[in-house]
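Everything below concerns the one structure shown next.
The values are calculated or read from the model by the stated rules, or taken from the named source; none is laboratory data. Predicted, not measured: the structure shown is a model, and the values here were computed from it. Glycine also receives a Cβ, built like all others from the backbone with ideal geometry; neighbour counts cover every protein chain displayed. Just the protein is used for accessible areas: all its heavy atoms, side chains included, with ligands, DNA and RNA removed. Shrake-Rupley method; radii C 1.70, N 1.55, O 1.52, S 1.80 Å.
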Amino acid sequence: MVKICCIGAGYVGGPTMAVIAFKCPAIEVAVVDISVARIAAWNSDQLPIYEPGLEDIVTQCRGKNLFFSTEVEKNVSEADIIFVSVNTPTKTRGLGAGKAADLTYWESAARMIADVSKNDKIVVEKSTVPVKTAEAIEKILTHNSNGIKYQILSNPEFLAEGTAIQDLFNPDRVLIGGRETPGGQKAIQALKEVYAHWVPEDRIICTNLWSAELSKLAANAFLAQRISSVNAMSALCEATGADVTQVSHAVGKDTRVGSKFLNASVGFGGSCFQKDILSLVYICECNGLKEVANYWKQVIQVNDYQKNRFVNRVVSSMFNTVSGKKIAILGFAFKKDTGDTRETPAIDVCKGLLGDNANLSIYDPQVTEDQIRKDLSMKKFDWDNPIHLQPMSPTVMKQLNVVWDAYAATKGAHGLCLLTEWDEFKTLDFKKIYDNMQKPAFVFDGRNIVDEQKLREIGFIVYSIGKPLDGWLKDMPAVA
Ligand SMILES: NC(=O)C1=CN([C@@H]2O[C@H](COP(=O)(O)OP(=O)(O)OC[C@H]3O[C@@H](n4cnc5c(N)ncnc54)[C@H](O)[C@@H]3O)[C@@H](O)[C@H]2O)C=CC1
Ligand SMILES: O=C(O)[C@H]1O[C@H](OP(=O)(O)OP(=O)(O)OC[C@H]2O[C@@H](n3ccc(=O)[nH]c3=O)[C@H](O)[C@@H]2O)[C@H](O)[C@@H](O)[C@@H]1O
């Protein structure tokens, strides 16, 4: 029986291994982690991450051919194939701080593999890493090898949170990069056989190591670039009376452009887009490619601009101050169908409003109060370290109230900001909300999910990203 061990039981390690176990009953899969709490949660009824469809497959496989454990060394030493799916956050200090990927967790995993292995292994990079990382990993493993042979493969993950299970069941492609040697090709074949249990052969792409590593960074950069492109257009739409939804529909109808991933928003969030683009920028700079680095940097700058622009709109529309005003925040997760808040635009928007002395009342169906308070007091980039290494609960913030219902959040509020596109927000009783708010009552839709005409008929002053401006907003001071 083939044995797989995955180091890192997070958003990637957990779902990907659950799907491998589900699709390959003859393979034994162990998912290990240094976080005792996370492993305990994987072994309980309350999984550590919210992901539609995940619970079902975990409960079907757990205890049969899927195991979650803190016995890292034992499981690594027994495995034939080791996936490494640990954090690769942005470095916060030293060389490359604020840009380069921090490979501390990866390196310690590699050293541990070398220490405990007693037979030949295939080591698979599942984490997103800078191009050429496999070379460094190879050096660590072979210099400590005791005669054991390692093959390093790059097998980046393309799942998106909120749709992880369907993405894993039906991937656009699986990418496997390896050495162009007989040993490397044999290892590629072994991993290919795992995926071939459910992925059609023509969707399994095999490349050299560096192409696979770089393709992952490139894919995230391209995706984020689309959002920054449409968000840049949204600012111009507001200035000219064009409607960004109509523009992206018209542009996306061109099959060369494609219609997906063109929704204007308050900005992209999530654990990876910014981190991976910063890493790409750093790699370009290290290779002397200043112009290329600047090109990709701009994707992040437009994203920051979009978040600032949104805050400025809120403040300027409400008579240039939100001091002492109650603002309801509906949605805190970085997108719907996840409880993940890493790099969510809501953090920047809330911090901006708190900076102008607003009183915030926040509701998200999947994010806990503790998480929100931590996020609003955590230093940039701290969020992507393993949970047990993150700062503990922060000091109490008086201007902040976290509630468990959209109606409670909006009661008595001067304005409401929609920051995550949760389905339940689309069917709220906005008449009831309007009746319970201060007047004039403002809606700032950062996800373009409300019917702005209907809301205007109720009496709201509505701002929707990239849509023709409400007469009220036109009369307010121009914003950056
Ligand atoms: N979150 C996502 O949707 C995607 C993430 N990725 C990449 O996958 C990697 C992992 O991301 P996530 O799963 O989101 O992170 P995560 O933070 O959810 O999970 C990483 C886990 O690794 C554990 N860990 C760290 N060092 C360890 C060690 N030495 N031994 C054992 N366990 C260790 C941590 O405790 C943590 O539970 C990152 O490189 C990320 O860029 C790639 C595609 C999608
Ligand atoms: O490497 C990763 O971590 C993953 O990053 C993204 O997945 P994810 O961040 O989970 O979610 P996305 O659906 O890509 O959304 C990212 C952000 O962009 C925003 N977005 C997305 C699409 C869009 O049209 N407009 C827009 O603002 C979302 O609201 C969200 O804040 C990629 O889509 C995955 O392919 C990749 O594997």
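Filter the cross-link list K132/K192; K139/K186; K253/K454 down to pairs whose alpha-carbon distance in this structure exceeds 25 Å. Listed pairs above 25 Å: K253/K454. For GluC sites (Glu not before Pro), the sites in the stretch 1-83 that DSSP calls loop and that have at most 15 other Cβ atoms within 10 Å are E71.
Out of every Cα-Cα pair that the stretch 200-305 contains, those further apart than 24 angstrom amount to 35 percent. Computed across the stretch 51-104, the Kirkwood radius stands at 14.5 Å (inverse of mean 1/r, all Cα pairs).
Within 10 Å of each candidate Cβ there may be at most 16 other Cβ atoms; applying that plus a DSSP loop requirement, which chymotrypsin sites (Phe, Trp or Tyr not before Pro) in the stretch 174-245 survive? Those satisfying the criteria are W198.
Within straight-line reach of K335, meaning a Cα separation under 15 Å, sit the following aspartates and glutamates at least 8 residues removed in sequence or on another chain: E51, E161, E343, D348, D364, E421, D423, E424, D445.
Taking the Cα centroid of the stretch 95-114 and of the stretch 424-480, what is the distance between the two, rounded to the nearest whole Å? If you average the Cα positions of each part, the centres end up 46 Å apart. By the rule of a C-alpha distance below 23 Å, with chain neighbours fewer than 8 residues away ignored, the lysines paired with K398 are K325, K326, K351, K374, K379, K380, K411. By a 1.4 Å probe calculation restricted to protein chains, M1 has an accessible surface near 150 Å², given to the nearest 10. Note that the chain, at 25 °C in a medium of 0.890 mPa s, gets a Stokes-Einstein diffusion coefficient of 103 µm²/s from its Kirkwood radius over C-alpha pairs. Placing one equal scatterer on every Cα of the stretch 267-328 and applying the Debye formula, the log10 ratio I(q)/I(0) at q = 0.17 Å⁻¹ is -0.67. By the rule of a C-alpha distance below 13 Å, with chain neighbours fewer than 8 residues away ignored, the aspartates and glutamates paired with K23 are E193. The three principal axes of the Cα atoms in the stretch 144-194 give end-to-end lengths of 43, 22, 15 Å, sorted in falling order.
Sorted from greatest to least, the principal axis extents spanned by the alpha carbons of the stretch 156-222 come out as 38, 29, 16 Å. Take the alpha carbon atoms of the stretch 212-247, find their center, do the same for the stretch 19-63, and report the distance between the two centers in whole angstrom. Taking the Cα centre of each part, the stretch 212-247 and the stretch 19-63 sit 35 Å apart.
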